[in-house]
Amino acid sequence: MKRFGPALLAVALLAGCGVPAVAVRAVPAGGGGSAAPKATTPAETPAIEVFQAALRKTHNATYKYSVSSALPDKYGKVSGTGVFDLKSKKLKLDLKYSGGTYPHDLEAVMIGKDAWHKSEYSSRWVHLDMSRLKEYAPEKMDMTDPVGLATFTKALKTVRKTGPLSYAGTFDPNPADSEEFLPLGAPSIRVFSIMGPDSKFTATTDANGFVTVVNATVIADETVKMTTKFSAHGKPSGIKKPSRTVEAADFYYE
């Protein structure tokens, strides 16, 4: 998963369940008979498993999202919206990086290996073949997890329930074998971790088990707060190839 904007660095501090089986035991009684089985209370599924299931369910469904996040150092903030369809490998986003040294807008449509970027200076969309781009090209996107939900799911360290549909906990901001995944919806921050506490989050789900909000806080040499909201779970994405397109120049692939 590649960064949308310029390279962003933050130094964060790093810290560092299965369900037990429940058996029903028959209790012998006098007179050669058997007593009725003793009632038992099923063990409650650990909160981390429940929340991970909600994240996976959301990631596997089509959804819309909005993101609002501070960025470290002099990069200002990022805000915008997007739509993602994992099954069809479709992503549409409209992001605005503002208030920093490199303000810019990013409007893009991605379908499989094809990407179209809207230029600020033209009404045409520039088409790129992502399969031809170099591995670390900023325009290249991992369409299996462009929003960052799958990586966030693996990065969870602790989760506790704070209400019937709300959670809080910690996560590793720099999980092994992963690239940028923060902020969720606009991955653009690379976090370098040293010994210390994990980053924190709060989140809510809806009655259908979909994630609706994730608030994350990365504590580094500065504190970076980010919020991503999710909606329209399971509804058609409506993403289509743009009209009025032009092919990217050859230097993009060199």
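The values are calculated or read from the model by the stated rules, or taken from the named source; none is laboratory data. Worth saying up front: this structure is predicted, and the values here are computed from it rather than measured. We place every Cβ from the backbone using ideal geometry, glycine too, and count neighbours over all the protein chains shown. Note: areas computed on protein heavy atoms with side chains; ligands, DNA, RNA excluded. Shrake-Rupley method; radii C 1.70, N 1.55, O 1.52, S 1.80 Å.
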If we keep just the residues of segment 76-90 that are of a type in the set (S, T, Y) and touching a strand residue (DSSP E or B) at 6+ places or on another chain (Cβ under 7 Å), which is least open to solvent (accessible area, probe 1.4 Å)? S79
Do we find that K87 is basic (K, R), outside any strand (DSSP E or B) and at pLDDT below 95 in this structure? no
Where in segment 179-254 are there strands (runs of 3 or more DSSP E), lying wholly inside it, with at least 1 residues that are at pLDDT below 95, buried (at least 19 other Cβ atoms within 10 Å of the Cβ) and not acidic (D, E)? 190-195, 199-205, 211-219, 223-231
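Going through segment 97-120 one residue at a time, which ones are outside any loop (DSSP other than H, G, I, E, B), closer than 20 Å to I239 by Cα and not small (G, A, S)? Spell out how you get there, then give the answer.
At the first step, the residues of segment 97-120 found to be outside any loop (DSSP other than H, G, I, E, B) are 97-98, 104-111, 114-118.
Subsequent filtering for residues that are closer than 20 Å to I239 by Cα retains 105-111, 114-118.
Those that are outside any loop (DSSP other than H, G, I, E, B), closer than 20 Å to I239 by Cα and not small (G, A, S): D105, L106, E107, V109, M110, I111, D114, W116, H117, K118.
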Taking only segment 33-58 into account, find how many residues are under 13 Å from K161 (Cα atoms) and at pLDDT below 95. 2
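Quick check: anything in segment 137-146 acidic (D, E) and either surrounded by 18 or more Cβ atoms within 10 Å (Cβ to Cβ) or in contact with a Ser or Thr (Cβ under 9 Å, 6 or more places away or on another chain) (or both)?
There is at least one residue in segment 137-146 that is acidic (D, E) and either surrounded by 18 or more Cβ atoms within 10 Å (Cβ to Cβ) or in contact with a Ser or Thr (Cβ under 9 Å, 6 or more places away or on another chain) (or both).
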Can you pull out every residue in segment 50-65 that is crowded, with 16+ Cβ neighbours inside 10 Å and within 17 Å of I239 (Cβ to Cβ)? H59, A61, T62, Y63, K64, Y65
Considering segment 159-178, residues that are open to solvent by 60 Å² or more (accessible area, probe 1.4 Å) and part of a loop (DSSP other than H, G, I, E, B), and then whichever is farthest from Y136 (Cα to Cα), we arrive at P164
With (1) among the hydrophobic types (A, V, I, L, M, F, W, C); (2) over 29 Å from R160 (Cα atoms); (3) surrounded by 20 or more Cβ atoms within 10 Å (Cβ to Cβ) as the list, and L71 as the residue in question, which single condition is left unmet? (2)
Is it true that some residue in segment 125-137 is more than 23 Å from K57 (Cβ to Cβ) and of a type in the set (D, E)? yes
Which count do you get for residues in segment 41-83 that are hydroxyl-bearing (S, T, Y), more than 15 Å from D145 (Cα to Cα) and not in a loop (DSSP other than H, G, I, E, B)? 5
